[in-house]
Structures are given as C-alpha cells and as structure tokens.
Amino acid sequence: MPGKLKVKIVAGRHLPVMDRASDLTDAFVEVKFGNTTFKTDVYPKSLNPQWNSEWFKFEVDDEELQDEPLQITVLDHDTYSANDAIGKVYIDIDPLLYSEAATVISGWFPIYDTIHGIRGEINVVVKVDLFNDLNRFRQSSCGVKFFCTTSIPKCYRAVVIHGFVEELVVNEDPEYQWIDRIRTPRASNEARQRLISLMSGELQRKIGLKVLEMRGNAVVGYLQCFDLEGESGLVVRAIGTACTLDKLSNTSAFLPACNSPSKEMKEIPFNEDPNPNTYSSGPSTPLKNQTYSFSPSKSYSRQSSSSDTDLSLTPKTAPSPQGPRIFLFPSSPTLSCDSPHLKKSCLLLSGSSIKPLHSSHVSPVVLRKSVSFTEELLLAASGMGSGSAGKEGGPFKTLLRQQTQSALEQREFPFFTLTTFPPGFLVHVGGVVSARSVKLLDRIHNPDEPETRDAWWAEIRQEIKSHAKALGCHAVVGYSESTSICEEVCILSASGTAAVLNPRFLQDGTMEGCLEQRLSWQPGFFSIGSEKGEVDFFPQSQDSSSLLGIEEASPPGCGFCHIPYDELNMPFPAHLTYCYNCRKQKVPDVLFTTIDLPVEAIVVGKGCLIQARLCRLKKKAQAEANATSISNLLPFMEYEVHTQLMNKLKLRGMNALFGLRIQITVGENMLMGLASATGVYLAALPTPGGIQIAGKTPNDGTYEQHISHMQKKINDTIAKNKELYEINPPELPEEIIGSPIPEPRQRSRLLRSQSESSDEVTELDLSHGKKDAFVLEIDDTDAMEDVHSLLTDVPPPSGFYSCNTEIMPGINNWTPEIQMFTAVRVSRLSNINPTNQTLNKNFNDLCENLLKSLYFKLRSMVPCCLCHVNFTVALPEDELVQIAVTAVAITYDKNQALQANKAPTEKSQQRASTDNEEQLQFPLELCSDPLSSQPFSPAKEVLEGASSHTGIPAAQRATSVDYSSFADRCNSWIELIKLKAQTIRRGSIKTTTSLEKASPLAEGYLRHRSVPSGTNSTVSVVKMTPLSFLPGAKITKYLGIINMFFIRETTSLREEGGVSGFLHAFIAEVFAMVRAHVAALGGNAVVSYIMKQCVFMENPNKNQAQCLINVSGDAVVFVRESELEVLPPQPAAAAQPTGAAGDVTT
Amino acid sequence: MSSDLDVFVGNTTLIDEEVYRLWLDGHSVAEAVARRLRGGLLEREATSVAVLQSDTRDHYRTFQMLERLLHAPPRLLQQLLFQIPPERQALLVQRYYAFDEALARELLGKKLSKGTKKELDEVSARTGVGIRSCRRQFDNFKRVFKAVEELRGPLAENIQQLFLLPPSLARDYAAIVFFANSRFETGKRRLQFLSFGDFAACAQSMMAHWSQGALAPEAAEPDGDLPKSFLQDLKELKVLVTDKDLLDQHKSLVCSALRGKISVYNELEANFKALSRALVNVGGKLTHARDVRDFFVDLVEKVIEPCRSDKWSPGDLRLFLQHYTAAPRNLPGFRHQALWERYMAAISACLLRMFHD
C-alpha cells in the first residue's frame, strides 16, 4: 500500500571549501530513497547554498518506508572530473509513519562523512502522505510504536503487556566482502552504514508484525544490537516487550485512528457487544477504546489463529486488585492458579537439558545445580487441582488447558525487557537468572534462514526460563541479552529476574478494571462467572487475607521481596526469615535483581553503585579448544563475580542489589567480568551480618594479628559505609509487637544470625550454608589480595552518589540540571608476565580511576548523583582494555535531602507518592483505581454500580469493598476466559467504540508544536539522558525511536589529535547528529539514551583508526513543570480536561 | 598501566573557566596541570594527578576543537557539534578575544603582517605575555582587521556584529583596526607614557568626529580610513596660521577670553603662535601617509611637551582648547568654522586624554 514521501532541500551552511582555487564550493544535493534518486540544481560558488528545491516525491509502499532510510548526499559539482561527495545525511522516516509521533521532519542536519566527520549542515524538510486509511494501514507493522524506555512510557498507560518479542536478521558484512579490497574506505563504510540501517529497518518491521500478531500496538524496552561476527557475517537482533499502550491525554492524532475503524466495527457481529446503555453510561470510565480500536478487518484471520496468544501468559493467576492493594493478596491464589502452567513447563523443561557447556547461575545462589523442582511443581499442581480446574470443570477447564498449552507453544518465553513496572505488576521477585553459552561462529550460509543464531538464542532463553521455574516464578523481568565476540568465539549471555507477575496486565484487562466492567455488561456470562469466581477464588482470597492478617495498613513496600518459591523445597540453600516489614511472609537474606527498584519499595538510607571486577587469563587457542577453555572458565568467573558482589554488598551494610548487569567479555588471552548493580538496604530484608575473616593457620601469632587488623578494618569500613549511606534501619524486628510471632524455628534462626557477627567463625560456618557470603577464608596470598581489593573501593567524594538504576534510592528531590556524558578509556595492561592477580588489580584501578575522574569532572554539579552508570568493557586487542561509560549526572537539592533523611521510612513512602505525581504521570493514572477515592474518578460509583450488576450479594460487598471487588475481578476474569472462548470461536474480536471527543486534537497539536518552536531561535537545546524521565519535567509526547549507527575512519590519526582527539570528535559528532535528528522531529530531549556499541580499532603504524558507534533512545517533547505552572490558565486548562478525558473515556 | 585513549564527552560541553584561562594563556597541558596543582585543587577535591591530567587534556581537546569555531563566533552559535549554553558561549568568545593591553599597546599602529608576527618573540619578552598567547592575540587582531577592513559603517558596530563581542571590547578592537589601518607611530620613546587606553580613546574620538560614518551613516568609505575629502579640506585651515592677521586676531580673541582664568596666561601668550601652528599643521599634514604616522608624535612633541614644561594644568588646557576652538567663529573672513570645529573636537579630545604624566 503506497505512501508518498516528500522531501525538500532548503539550504546548506558552513560547507567545506571544495574548490581550492576559489575557496568556494559548487554544491548540489542528491536525494535517494530506495532506487529513486532526485537531484537539486547546482548552487554555484557558495559555502552557504540556498537550493530551495521543489518537493521531491517518492511513491513507495510501506515496507520500503519502514526498511529504507532517506539518503541525502551533498556533492560538489565538478565539470571535468567526477563530482566530489561532501557528505551524507541518513534520515530514518519511521517516526512519520505513526500518526502519534512527528508529522514533519524539518531542520538542520549535520552533513556527515565517514572520513572527514561533520562538514557543514543542510536544512531539509521531510513529510509522508499515507494514502491508506488507517485501518488498512494496520496490516503493515508501520503503526507499531517502538520505545527504548524500559518502563511504560510516561504519557501512556499499559492496557495489556503481551510479552516477549524477538527477531534477528543476518547478512554478510560489507567490510568482509571481496569487493572491499577494491573500493575506498569511504565506500565501504557507507555500504556498511546503509546495510545496517536497512537491516534495523527490516528488523523493526518484522518485530512490528509480531506485535500486531499479538494484537499489541507498541514495543517497550526495545533493545537492538549488532553482532559484528567478522567473516561470518553481521547479525542484527532485537528484543522487546509487546504492549498495548493507550495514550493518557487524548490530544494526539491517535483519535482518527480510533474513529475510523469504529465504523467498521459496527459491521462486525459482536455477540458479546455490550448493549449501548451500559456501555456508555458507566463502566465507561476506563473503557478502553484503544484497546482494540485498531483491530483491523483484515487481520481477523490472524487473530483467530493467534488470539489465544494474548491469553497465553495470562491464565496463570487469579486477578488480584490493582495498585498497592495487590499486596493484600499475595502468592497463594497465584500459586494455585499457576499450576497448569507450571506443569506444562515442567514437561517442557525436562526436555531441555541444561548443557554442561553453559554455566548457569541463579542468584542468590552460586552455581546452582539443576535443582529438582519437580516436587514443588507437583505441589503446586495439586494445589491447582483443588482450585480452578477441579471445580471449574467443563468448558472453562478445557479452555484453560488449551490456552496454557498454546501459550507454551506460541509464547514460549514469558520474558519482559521492562525494568520498571506499573505499581502492582510485580508480585514477587525470585532472584537473578542468567545463562551463558559459548559458540563457535561459522559463516551464515543462507541469510534468509538464520536458523543457527535463532537456535542458539532459543536454547539460552529456554535455560533462563527453566531457571525461573526453579525459583517458582512464571516470568522473567528485566530481561536482556548480550554477546561478546573475539575472533570466531562468541559468548551469548542472557539474564533477567525471575518474578511472579500480576496477570491483570498480561491479559486484556487493565488496572482500572475495565475488563471486568466490560464483562459485567453481559449478564449472561457474568452470572456463571460470578458463581465460579466465588467458588474458586473467593475462599482463597479470604484464606490468604485472614491467614496473613493483612489489612489496609499493611505497607505494600515489601510484597515483591517475599519468596515466590516454596520454603520447604527451596531451589537453593537460602536463609529465610520473616519479612521485616510485614512479618507475614518469608523473605531471603539478600535479593539480587536486574530490575529497577520498585517505586513502592521501602528503602532505608541511600543506594550506591557496586561493581565486581575480574580478569582471568586464558591460553590462546583455536576454535574448539578455545571455546572449551572459555566455557570451563565461565563458572569460576560467575562464582567469583558473585562472591565479590556479595562481599561488597555486605561491606556497605546493604542487603539487595538492583539493576545487576554482569558482563563477561572475551579477548584473545583473557576473560573479563564486570558486574554493576545498585546496592540498597531494603527494609523488608534482614540486616546483613558482617564479614568475618578466618585464617587457615591459627597458631601463627603475627598472622593472627594481621588477621585481626584486617577484621578491624573491615568492620570500620562497614560502619563508615553505614554512616555514609545513612543506613540506620528501624529497631530490630524482634521487638516489634503486635505482628504474628515468627515460628520458633525461624525465630531461633533469626537470633542466631544476629549473634553470628560477633561469634566465632567456625560456628558461623556451620550455621550457614553460604559461608562464601560471610566468611572470608584467607588461606593463601590470593585470598589476601581479594580481601585487600575489597577495601580498595573508594567511596565517592562527598556530595556524590552513584547508581546504575534509573532512580537513586533515597534521593527524591532532583533539580532539573542534568549532564549526560560518555567517557571512553583504552588502557594497555603492560605486564610481561601477567597473573590473574595483577590483572585484577589493573582492571580494578582502571575502573576506580575512571569513576574518580568522573567525580572530578562533574564536581561543579555537587550535590549530585550519577544515575544509570553503564560500563561496557571490550578487549579490542591483546592487552588492551576498553571501558566505555555512559551515565547522567543529576543535581539534587541538599536541604530537602537532609530533611528527608531524618525520617527515612516516611520519606520513602513520600517518595513513592511524589514519584507518582511528578515523574510517573502514568502510574498516577494507573493508581486511579476505581475503588480508591481519587477525586476525579466517578469510577467508584461506577464500579459499585457495575458490581451490583454483577450480582454479588450485597452483604458480601458490605463486608469490605476491596473484598467484593476482588471477587468481582475474579469473576470477570473467568468471564474473560469465557468471552475469549466465544471470541475465538467466532473469530472476531471485541471492540468498543470510541468515546473520546475529537476536539482536543487540534489543541493538543498546537501545544506540542509550540514547545520546540519556542527554542528555535538559535540552535535548540536537546537534552539527552539514559533515564526514562527528565527531572522536573513532564514528557508530553514521544516522537519515535532514534536508532543510529555511524562509522568514522581516519587515515591521518596524528593530525586529528591522536586516538583521543579522534574519538572525542567522533563522540561529539554522534551526540550532535542525535540532537539534530531529535530537534528536526520537533523534540527537545532524548530519553533512555544508550550507546550500545563503541568498537574502536587503531593502527598507529599506518596512522589509521576506525570506530563504530551505535546509539539509540526515544525522542520526546517535554515541558518543564515550572513552565506548566507558570503558563497562564490556557495550557493548564488544556492539560486538565485532556487528562481527565484520558481517564474517563479511555 | 597507561591510558592510550581517554576521553570524556558531555552532552552539554563542559567548560572549566580556569583551564580555559590556562589554555588561552598558551600553557601546555603539563604546565596547566602544574599550575592547577599549585592552586591546591588536588587537596580540595581529594583527587590524583592522573585525574587532573586526564581532565586537563579533555578540556584542551575541547578548546582545540572549539577554536576553529571561535574564529567566527556566529558559527559558534549556529554549530551543532557542541551544545553550549548561550551565556557560556558568550564567555568563551569574550575570553578568547580579550587581550593584554600591554601587547596591544606594542602592536598599535604596526602592520598586522607576517613580519610583525615574527617579532612577537621580542614583544612577548617585553610584555611578559606568553608567546603562544601573543600569537593568538595577534591572530585575533589580524582576523578582526581582515574581516572589517572592507566593510562600511561604524567600525565598532561591525566588529560587534561579526565577532559578537561586548561593546567595550568591540570599541577597543575598532581602535586597533583604526591604528593598524592608519599606521600611526606609537612606538617612539616620547610616546611611551601613553597607554593603550589613551590611544584607544584617541582613536575613538577621531573616528567619532572625523570618519565619514560620523556625518553620513550610509557613507561609502570604511570607518577605519579617514575620509580623503575631509583630510584634503583640512589644508584649508592652514589659513589660520599662514595669514598673519588671522593668527593675531585669533590670539587676541583667545587671550582676552582667558585672561585671569588660567594660571599659565603668560606662557600661553608667549607660546600661542607656536601652539596654534602646531595644532593646525598636524591636520594639514594628514593627507600624506608618512605624515599621518607622525600624528601623535607631533601632538606630543609640539603641544603636550611644551605645555607640560610650562606647567599647564589639565584644566588650563581644557579652557584653552575650548576658547581656541570657539574663537575663529568671530574671525572675519574665516569660512571654515564647521570644518574647524569638527577637526578640533577630535584633537581636543585626544590632547586632553594624552595630557598626563
């Protein structure tokens, strides 16, 4: 289906002098899209040409629109010889393909040449006219929105979180083609840039198709990576989380999208279509028009085949109330419902054996063996028998089974690339799961069938999934994948956090309970459902709540810490205690996760960046032998990294890690491991014990002395750190009265753990299954070194904090000043006879010095926090280590911080709420649970109305509102399944007509456009941040994904200031090009910015260097909160009703 | 373990004012690090020398990349490579174009040529300004000179527009361009007591009163050149000293007006003719390039020094010049009053400014 791409070349400025004789340039421009090329006239003798061209029009179909970049080449006309290229601009027109994003790309773009860098600028205007109506448009994946952000984007609400999407495409690397021998470096670089641009376009389109298949409309947490496999090819792969998103303010151009298909919807025979009255009147509120608004007529066939995919992840749990209230009904209903799923996956799991080659690693255990978790599963399964399946019977049961089955077949990986979740989404967190695999690269013979690569990843994912199962979790969140390649060896890694999720988000329901409301309009279904619901879930919820004695007052900040696995059959030896917060559920002694700290988590004190660094020498070897030696080393590295992390965590007096990222990098003769995470003290977990040092030769007096000296040092460090990070947890939990008394066994253990720190070592040893965490045995010099290295981590200078998560735990009063930066260092490990120890030390120093230099550089921003500190390590050559860091420094208000410190708990509560209000505009909306007394929601009554509709006995409702609503939800959930059955049978899908008024459209538009135009006077400022938000600002619009790949090469390295000068200029150029693209889209910031790749190669002898950089992020428009307030009523008024509309009508 | 490559790039370009100053002063990275160490930064920030070195190198690289843009400040505003807040951009430009007055004083009136640049070593030694800084400043002068040489309209405004300098700095550059253009001699020993500020003020008065732009803004000639017709016309003023009657009448008018009002009346009466001759002849000689060079020398030698030796006070000089300028209005047969006043306005301003020890 065609679209018309229109391009206008307006002018150029600051062009380089191409004609030495006249010191001027005769420039013209070639505009190329696909196979069509247009040219402007030559603008003679000027460095600031004004072409003011006509509109060049390309008529292309949408596949091309998605795959191809617009390619603009600026050339110098030469009458006698070939025209000289000045440089190029590649413009990704994807943001123009969905109506919600940008409508026009217009602005100054740096003209980029891979040899010379930026050479002047060109002003271009690009528009796309799509001929198709939006309904047809949906058949392509054009309309699917992509976000790098690993949380639900701020101005959207998640209607459904469908799940994992992945894809990879492979091709030959132009750099390694035979033709590369005869073409210029420039031509080769450009071929590569263009190919990667094409491949990422294709990849995005394919992922988009998968998302549409799942009936989502967006990919969140989209992460695209390149594997430069050298001779064997080029792999572009991406993972993401498919979602159905709903714009919060209905100001966007999304409306027509909803309106147009609505006509068609009427033609669709909807048996379950609600009668108009109920529909419009009440439930109204969170009614999701957009949920299915784009159900395209054509994709019905697809839906019928895959409609159960949606459900695939869902039928695991009983729905529980949303928001903070989710914590009132922990695990038990979840578990019982989970069972069918688990059972299936158990089967699946047994099929996939874990290769010994891979080292598997589950935190908080080290080197978990393939645990026998069958028992646990059986247990769960039996629980299930008593639950839904047993009593349900009939269609429901079969349906459920069908769905789970198909879920496993079709959605084999319940993974989520998100790291931050709507409140209530995360029920329990099990721990980190990771898997690695060493592979030998071979030439990809048929690029169209990248089966091997697919199979490799599938294998790893399978392993991850089985680990998660072992932890009693049905999902993996904060999931990511990475590779490290050296010559022909490749380490594939995947990691994530095993978790139990609230299924409401996974199915076609929202937090707002639109689902049940929608369902409740159909009395027929409802009555059945309600009965079942009562039978199946009600008692359970009652049980659990009475059992746990959870009331409204119970703080929600600890639910996610509670163990999801079975206490009696723990997948690994962990040390459980009762939650120090609610005293009702078991929690582990430490918690490692790859996700961000949940907003609702109760934290004591501040967090800090914790890194484990490790080098391991490896013999140089070829092929198989090499791969084997690497895979033999991996488990030891994992173990050591883990031990380091654990020790450093304890040294800081903390008990949980968030945002854990372990990177293993392979080089010619060594392996490097770098783990970064943010340590925090979770109030729900027990206070960590200290670190004990034990000597092997206790009789030696001086040795003893030495040991005790070290012990003292360690104890001092812990004390100092506690002070530094303000870790002063509330009184010991034993003293808390009024909470259920822990069972004796547990209690004794608690006590013991307390005494441990002061007691003798040997005893400690016995009492713990994990002495590695507590006791450091010094039996040789190596161990001594390890202990020393523990103490070498210097805390950041005063006024600085650092973390690798989005928000710094314990700091909430950010000021708007931010500074994003990238720092790259390459160091030579110049040891003649390197040993692991010296290498470790070198590597450690390298990282510490880098951090130190960052603190120094940013000293003017104090007090500030380095957030999202992201280290990447590469081993480009023998003895060369490259470390790249991208992070953002954010200043904060010290005074407020001090205030907050006085009441840590209070503060963290406060933070949760302020976060909701200030940054997470979206969760706020989410929080507008119909039941909670949000002032603006007429929803409460509505729901009451709805629930009365549902026929739940009034008496029941009277007992407790939550209660009834819970039942209500359960009912509706069952109904949903029934409904699904109907839907599937009919091959049609449920839609709702749009209730929004179209009026805010124009208004909203004006508002959006006016924001950037205000700053247009000179060069508009574009903020960049690796975070998903901007402090003190509100993101009003997402303009599309920025995904750029650049190559820069030089043959005059010395003249360009050596390697540092070269790379410095290149990184600055990359920033400039990203900013220019964002500004041209009408944006003023990039959020979730990430430098995914920075491959630097040099050949000083030839005076040459080459660098490849791949960056991505989300272009957004933001408005300062202060501006929002200051601006007179107009915008505020505009914002208000739209917000309200978003809430009421969506 | 040595760092081969070490870069830090911020989305907003970090500018450290202290390092910028060191860079502008022409210090090498090593020198800059040493100076920063002496400043006690190490102790204050509890960091290491390596960190300081890395930081200094980063800043130096940034400045080197920025330098190209600083040569054409409007480009700095338009460029996309470095994101720098406007006030920082202004600071960068201002500091880059700021100059040492001692150096500027040395170079005033010299041809901004390669030859002069080669002599900068001596200038550097004399003024104590680092040689690299000298060269940079010299290049700045030359760049500004080249850029406005051919432009019409007020010099200072042109400079301000092209180089985005603050008004006072732009006026100083205008003076430098004016001097370089007219090649006034300023290096003579007897002129040594005059500072750059004195000369700049003189240049400003001369441009203000004499340039074509001062009369007609749309004038065809650049402000840096004194209008030919005006200089030609000045010859007409010679009548004041060549015509014996006029000279006598002029003297009596001035003397009668000043009698009892100035302390040096007797000396004035004695020297009036010499003074008047000097004042008028300075203008008359301006048509010849070689004589133009001696403008300030003549003023000092023939006016300021005699007055000073007679112990005139600045007030005396002011009163004298006032009446000396006004008197010809009452001279019968003198038709060049407007021209005379225009001429004398600048001369008076210059003399008053230069009349100090």
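The values are calculated or read from the model by the stated rules, or taken from the named source; none is laboratory data. All values derive from a computational prediction rather than experimental measurement. Glycine gets a Cβ as well: all are built from the backbone with ideal geometry, and neighbour counts include every protein chain shown.
Laid out as a table, the results:
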read-out	value
Strands (runs of 3 or more DSSP E) wholly inside the stretch A:1-116 containing at least 1 residues that are modelled with pLDDT of 90 or more and either touching a Pro at 6+ places or on another chain (Cβ under 7 Å) or on the phi > 0 side of the Ramachandran plot (or both)	A:2-13, A:27-33, A:84-91, A:104-113
Test: residue in the stretch A:868-875 that is facing another protein chain (nearest Cβ under 10 Å) and in a strand (DSSP E or B)	no
Leading residue by the ranking (nearest to residue A:848 (Cα to Cα)) among those in the stretch B:16-46 that are of a type in the set (Val, Ile, Thr) and surrounded by 20 or more Cβ atoms within 10 Å (Cβ to Cβ)	B:33
Qualifying residue in the stretch B:228-239 (condition: touching a Ser or Thr at 6+ places or on another chain (Cβ under 7 Å), β-branched (Val, Ile, Thr) and either within 22 Å of residue B:117 (Cβ to Cβ) or modelled with pLDDT under 85 (or both))	no
Residues of the stretch B:52-79 classified as over 18 Å from residue A:821 (Cβ atoms) and either charged (D, E, K, R) or touching a Cys at 6+ places or on another chain (Cβ under 6 Å) (or both), total	3
Residue list for the stretch A:665-688, restricted to those being farther than 21 Å from residue A:494 by Cβ, small (Gly, Ala, Ser) and in contact with a Lys or Arg (Cβ under 7 Å, 6 or more places away or on another chain)	A:679
Residue match in the stretch B:80-90 (condition: farther than 22 Å from residue A:13 by Cα and of a type outside the set (A, V, I, L, M, F, W, C))	yes
Residue match in the stretch B:46-53 (condition: more than 8 Å from chain A (Cβ to nearest Cβ) and not small (Gly, Ala, Ser))	yes
Subset of the stretch A:827-843 (residues that are of a type outside the set (S, T, N, Q) and within 12 Å of another protein chain (Cβ to nearest Cβ))	A:828, A:829, A:834, A:839, A:841, A:843
Residues located in the stretch A:1094-1107, provided they are assigned to a strand (DSSP E or B) and over 13 Å from residue A:1066 (Cβ atoms)	A:1099, A:1104
Hits in the stretch B:326-352 (condition: part of a helix (DSSP H, G or I) and surrounded by 19 or more Cβ atoms within 10 Å (Cβ to Cβ))	B:327, B:328, B:340, B:343, B:344, B:346, B:347, B:348, B:350, B:351
Residues of the stretch B:77-88 classified as facing chain A (nearest Cβ under 10 Å), assigned to a helix (DSSP H, G or I) and in contact (Cβ under 8 Å) with a residue 12 or more places away in the chain, total	1
Where a residue in the stretch B:117-135 is farther than 17 Å from residue B:67 by Cβ and in a loop (DSSP other than H, G, I, E, B) and its partner, wherever it lies, is at pLDDT 90 or above and of a type outside the set (Phe, Trp, Tyr), with Cβ under 6 Å and at least six apart	B:129/B:100; B:129/B:103
Any hit, the stretch A:209-221, residues being of a type in the set (D, E, K, R), on the phi < 0 side of the Ramachandran plot and outside any strand (DSSP E or B)	yes
Unique residue being among the small types (Gly, Ala, Ser) and within 12 Å of residue B:320 (Cα to Cα) when the list is B:263, B:229	B:263
Residue that is surrounded by the fewest Cβ atoms within 10 Å (Cβ to Cβ) [pool: residues in the stretch A:1051-1071 that are facing chain B (nearest Cβ under 7 Å) and without any contact (Cβ under 8 Å) to a residue 40 or more places away in the chain]	A:1057
Selection count, the stretch A:20-40, where residues are more than 14 Å from chain B (Cβ to nearest Cβ), surrounded by fewer than 15 Cβ atoms within 10 Å (Cβ to Cβ) and not aliphatic (A, V, I, L, M)	5
Among (1) facing chain B (nearest Cβ under 10 Å); (2) of a type outside the set (Gly, Ala, Ser); (3) over 21 Å from residue A:1092 (Cβ atoms); (4) buried (at least 24 other Cβ atoms within 10 Å of the Cβ) - the single one residue A:865 does not satisfy	(1)
Any hit, the stretch A:630-647, residues being under 25 Å from residue A:811 (Cα atoms), buried (at least 24 other Cβ atoms within 10 Å of the Cβ) and not aliphatic (A, V, I, L, M)	no
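Quick grid of which residues meet (1) closer than 20 Å to residue A:881 by Cβ; (2) of a type in the set (Lys, Arg); (3) touching a residue at least 12 places away in the same chain (Cβ under 8 Å); (4) in a helix (DSSP H, G or I):
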{"position": "A:624", "(1), (2), (3), (4)": "no, no, yes, yes"}
{"position": "A:630", "(1), (2), (3), (4)": "yes, no, yes, yes"}
{"position": "A:633", "(1), (2), (3), (4)": "yes, no, yes, yes"}
{"position": "A:641", "(1), (2), (3), (4)": "yes, no, yes, yes"}
{"position": "A:653", "(1), (2), (3), (4)": "no, no, yes, no"}
{"position": "A:657", "(1), (2), (3), (4)": "no, no, yes, no"}
{"position": "A:665", "(1), (2), (3), (4)": "yes, no, yes, no"}
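So that you can scan it fast, the table gives a plain yes or no per residue for (1) farther than 28 Å from residue A:669 by Cβ; (2) within 9 Å of another protein chain (Cβ to nearest Cβ); (3) over 22 Å from the mean Cα position of the chain (by Cα); (4) not charged (D, E, K, R):
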| site | (1), (2), (3), (4) |
| --- | --- |
| A:811 | yes, no, no, yes |
| A:816 | yes, no, yes, yes |
| A:819 | yes, yes, no, yes |
| A:825 | no, yes, yes, no |
| A:845 | no, yes, yes, no |
| A:849 | no, yes, yes, yes |
